Amino acid sequence: MKHLLDWKVGFCSRYGEEPEKFFNAAVPGAVQLDYAREYGLPDYNRGLNFKKYRPLEDLYWVYTTEYDAACSQGNKLFLVVNGIDYSYEIYANGERLCKYEGMYKIQRLDLTRFSGGRIKLKIIIMPVPKSTLPGVHKDTRDEANQCCKPAVSYGWDFHPRLVPLGIWEDIFILETTCNSVPEPKCDYELSKDLKIAEIRLASAGQPDTLWEFRAPDGEILFSGCGEKCGFTLKNPLLWWCNGYGDQPLYSYTAVSGDISVTRRVGIKRIELVKAAGSWGEGLNYPMTRNTPPITVRLNNTVIFAKGSNWVCPEIFYGRLNYDRYRKQLLLVKKAHLNFLRCWGGAVINKDSFFEICDELGILVWQEFPLACNRYEGTEAYISVLKKEAEAIIERIKEHVCLMLWCGGNELFNNWSCMTDQDKAIRLMDKLTFEKTPEIPFLPTSPVMGMAHGPYNFNMSDGGEVIEALQKSRNTGYTEFGGGGFSTKETLLQIADISELNPLNLENEIAVAHGTHALSLETERYFGKITDFDKLIECGQLMQNVVQQFIFEEARRQKPYCSIVSNWCFNEPWPNTGNNSLICYPDNTKPAYYAVARACRSVLASARYRKFVYYAGETIDFDVYLLNDSLDKLPDGIVDIYIQIGDDEKIKLLRWEYSNVPVCKNAVGPTVRFELPFVNDADTLHIILEAGDYSSKYVLLYRLPEKPADAPKKMNAVLDENC
């Protein structure tokens, strides 16, 4: 039987002191939120209020509760701790049961010897860890380089300095007839031809465990008894990611004493392989190594991976639950994405996140908690990383959605200065191979051949991303951006419009709430904009254009390029502007819909050259049919049009395509057309009519002598996009 507990929390400035006052604690949660409720701190999402929370990271925090175990004699009692953030000690009736540094290890602490009376539990949480190694800059993310806390909490361009502490996962007392807490596990070995799965079931220390293994439709396929069992499953139903097939989930139930545990499990084979033809690169001497494999092969079938970077929906991740995860993950699925890169700067998600990804067909690229830092391999750090990495692997490894392990974010770049010889990288490679040899491992992202960035509409030399990406050649684009302002609803969570206007780098509130969209060169394309709403709309249009273009351009570069994921999908608090597709808490930007259109399994696609075209200029663009599906496409036609402003659309060409193979693109014609002079027009549409595969692109149109200005019908442009 599970017993939940009512906790109180207090704080003190030194270890060993007792708090002067205890107050109610919400568990799971964070001590900062409990303090804010008790002492009336203002909403950290608004204005510069987050700064008022800063002193709380340097305090010691003490949780207390009591449990009446007077009637528990004869049964075993365990305190089950699914996650405390971060360095802590646990006491029962004054006896220390546990001392640990880390967030992810599940503790199962025996309380049986305290049965027969009241058990007073106390948890002491130490202040936020801060590295003091040489070269660490105070009050920056550098301070996270010797711990396994999310580095983003120490401050990022889209995240304030707010470092959570507290009980962030479930904690409860388990009363049972079992001598230990059952931990049933299931794994399998799938034959190369995918026709036979050897299922292995185990529950360590529970020799009388009763097992049932059921098909997705509920039919019992196996039953048995013992600490370990196994059976052969012939012709297993295979799990596929979103857009490539169904997500059948088997289930197993393990009954030990009075405890029954049921979990779901999917069956798949996943590999990273070299792109077709890529072994033929660089064959002349002097010769270097070939690019590492990054093409995803799922169930012996090469797929194109379309995804986004998941950073975390909340600053205080203890607040996350099944419903909050599901709301955003459904948006991932509806956008035709098939994987999420769980970025190494963020928290490792709770189990419900992975359960929903299993169900929805969303593959998870899981990074360990290292990002943009030099993680020196000190004895203390490697000891903590080993325990935490093992705990992370144990938490996630049974989930069929697991796509690959990755050591962390941008560790081999010149701001982190790590290499594959660093102890941390070698350790994570070792642990993942020992515990999940069937799951691929990458030391970091990006590795050679892959690319991160750019993150703006314009490159540092003033050129447009639209032009630069057509000249690049990479095996994957696993981070790229293109910022846009948040929705009005999100902006009003930050401050009143009078406080946000003007949205520029001189506005302290605007800068504190994200800088990605503040560097947009809106004046270059739309002239001086004084109307707040018009500025928001122009920035959002620019984000639509660049995000849609990069997703489609990556797909046009297949098979050499085989994976694309934008920065980023969500955000943990309200940003004035960000590269995200949804803004806090769950508001979709217009760019979300642009990306959803770009990620359809099959679509007609136009590779145009730039954002602004002038009357009298010759526009030229290449037409493709992008096919990521597992179907050979029926022959069809694409009718190609140009529409300038509200004028009638002009038919330019008909392309008849045929023999488009499985998961391969068809290259169509290059279209050239001299743009006519149309008074009062300010938009240019490229329209590709191809039934369900149709696409439309909105660009800017100018008369040669006319200055830059925002489209008069910007609302209509964005509404059409959504």
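The values are calculated or read from the model by the stated rules, or taken from the named source; none is laboratory data. Everything numeric here is computed off the predicted structure, so don't read it as measured data. A quick note on method: Cβ atoms are made from the backbone with ideal geometry, for glycine too, and the neighbour counts reach across all protein chains shown.
Only a single criterion out of (1) among the small types (Gly, Ala, Ser); (2) in contact with a strand residue (DSSP E or B) (Cβ under 8 Å, 6 or more places away or on another chain); (3) part of a loop (DSSP other than H, G, I, E, B) is not satisfied by residue 580, namely (2). When we screen 491, 411, 505 for residues that are buried (at least 20 other Cβ atoms within 10 Å of the Cβ), of a type in the set (A, V, I, L, M, F, W, C) and part of a loop (DSSP other than H, G, I, E, B), the only hit is 411. Within the range 422-449, the set of residues being of a type in the set (A, V, I, L, M) and either modelled with pLDDT of 95 or more or closer than 15 Å to residue 372 by Cα (or both) comprises 424, 425, 427, 428, 431, 439, 442, 447. Closer than 26 Å to residue 2 by Cβ and among the basic types (Lys, Arg): does that describe residue 214? Yes; evaluated as a whole, the condition is true for this residue.
For the range 674-695, a tally of residues being surrounded by fewer than 17 Cβ atoms within 10 Å (Cβ to Cβ) and in contact with a Phe, Trp or Tyr (Cβ under 9 Å, 6 or more places away or on another chain) returns 1.
Is there a residue being surrounded by fewer than 24 Cβ atoms within 10 Å (Cβ to Cβ), touching a residue at least 24 places away in the same chain (Cβ under 8 Å), hydroxyl-bearing (Ser, Thr, Tyr) and over 22 Å from residue 547 (Cα atoms) anywhere in the range 303-321? The answer is no, given that none of the residues of the range 303-321 is surrounded by fewer than 24 Cβ atoms within 10 Å (Cβ to Cβ), touching a residue at least 24 places away in the same chain (Cβ under 8 Å), hydroxyl-bearing (Ser, Thr, Tyr) and over 22 Å from residue 547 (Cα atoms).
The residues of the range 640-666 that are assigned to a strand (DSSP E or B), surrounded by 12 or more Cβ atoms within 10 Å (Cβ to Cβ) and of a type outside the set (Ser, Thr, Tyr), listed by number, are 640, 642, 643, 644, 650, 651, 652, 653, 655, 660, 666. Number of residues in the range 90-124 that are among the aromatic types (Phe, Trp, Tyr), in contact with a strand residue (DSSP E or B) (Cβ under 7 Å, 6 or more places away or on another chain) and under 26 Å from residue 149 (Cα atoms) equals 2.
Evaluating residue 437 against the criteria (1) touching a Gly at 6+ places or on another chain (Cβ under 8 Å); (2) without any contact (Cβ under 8 Å) to a residue 12 or more places away in the chain leaves one unmet condition, (1).
A quick yes/no check of all residues on (1) farther than 30 Å from residue 567 by Cβ; (2) assigned to a loop (DSSP other than H, G, I, E, B); (3) among the β-branched types (Val, Ile, Thr); (4) in contact (Cβ under 8 Å) with a residue 40 or more places away in the chain:
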residue: 251; (1), (2), (3), (4): yes, no, no, no
residue: 255; (1), (2), (3), (4): yes, no, yes, yes
residue: 263; (1), (2), (3), (4): yes, no, no, yes
residue: 284; (1), (2), (3), (4): yes, yes, no, no
residue: 288; (1), (2), (3), (4): no, yes, yes, no
residue: 291; (1), (2), (3), (4): no, yes, yes, yes
residue: 297; (1), (2), (3), (4): no, no, no, no
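Does the range 588-604 include one or more residues that are touching a Ser or Thr at 6+ places or on another chain (Cβ under 7 Å), in a loop (DSSP other than H, G, I, E, B) and buried (at least 24 other Cβ atoms within 10 Å of the Cβ)? For the range 588-604, residues touching a Ser or Thr at 6+ places or on another chain (Cβ under 7 Å), in a loop (DSSP other than H, G, I, E, B) and buried (at least 24 other Cβ atoms within 10 Å of the Cβ): present.
One line per residue, one yes/no per condition, for (1) closer than 17 Å to residue 348 by Cβ; (2) surrounded by 23 or more Cβ atoms within 10 Å (Cβ to Cβ); (3) in contact with a Leu (Cβ under 7 Å, 6 or more places away or on another chain); (4) not polar (S, T, N, Q):
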| residue | (1), (2), (3), (4) |
| --- | --- |
| 371 | yes, yes, no, yes |
| 375 | yes, yes, no, yes |
| 394 | yes, no, no, yes |
| 407 | yes, yes, yes, yes |
| 421 | no, no, no, no |
| 448 | no, no, no, yes |
| 461 | no, no, no, yes |
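Taking the range 58-75 as the range and being more than 27 Å from residue 350 (Cα to Cα) and either surrounded by fewer than 19 Cβ atoms within 10 Å (Cβ to Cβ) or aliphatic (A, V, I, L, M) (or both) as the test, the residues that pass are 68, 69, 70, 71, 73, 74, 75.
All conditions in (1) of a type in the set (Val, Ile, Thr); (2) part of a loop (DSSP other than H, G, I, E, B); (3) touching a strand residue (DSSP E or B) at 6+ places or on another chain (Cβ under 7 Å) hold for residue 419, with the sole exception of (3). Picking from residues in the range 255-302 that are loosely packed, with under 13 Cβ neighbours inside 10 Å and of a type in the set (Val, Ile, Thr), the one that is modelled with the lowest pLDDT is 288.
Flag set for residue 131, criterion: in a loop (DSSP other than H, G, I, E, B) and of a type in the set (Ser, Thr, Tyr).
Residue under question is residue 360, and the condition is that it be surrounded by fewer than 20 Cβ atoms within 10 Å (Cβ to Cβ) and closer than 19 Å to residue 306 by Cα; does it hold? For residue 360, the condition - surrounded by fewer than 20 Cβ atoms within 10 Å (Cβ to Cβ) and closer than 19 Å to residue 306 by Cα - is met.
Residue 393 meets all of the listed conditions (1) touching a Ser or Thr at 6+ places or on another chain (Cβ under 8 Å); (2) touching a residue at least 60 places away in the same chain (Cβ under 8 Å); (3) β-branched (Val, Ile, Thr) but one, namely (2).
When you look at residue 30, is it farther than 30 Å from residue 177 by Cβ, in contact with a helix residue (DSSP H, G or I) (Cβ under 8 Å, 6 or more places away or on another chain) and not β-branched (Val, Ile, Thr), yes or no? Against the criterion (farther than 30 Å from residue 177 by Cβ, in contact with a helix residue (DSSP H, G or I) (Cβ under 8 Å, 6 or more places away or on another chain) and not β-branched (Val, Ile, Thr)), residue 30 qualifies.
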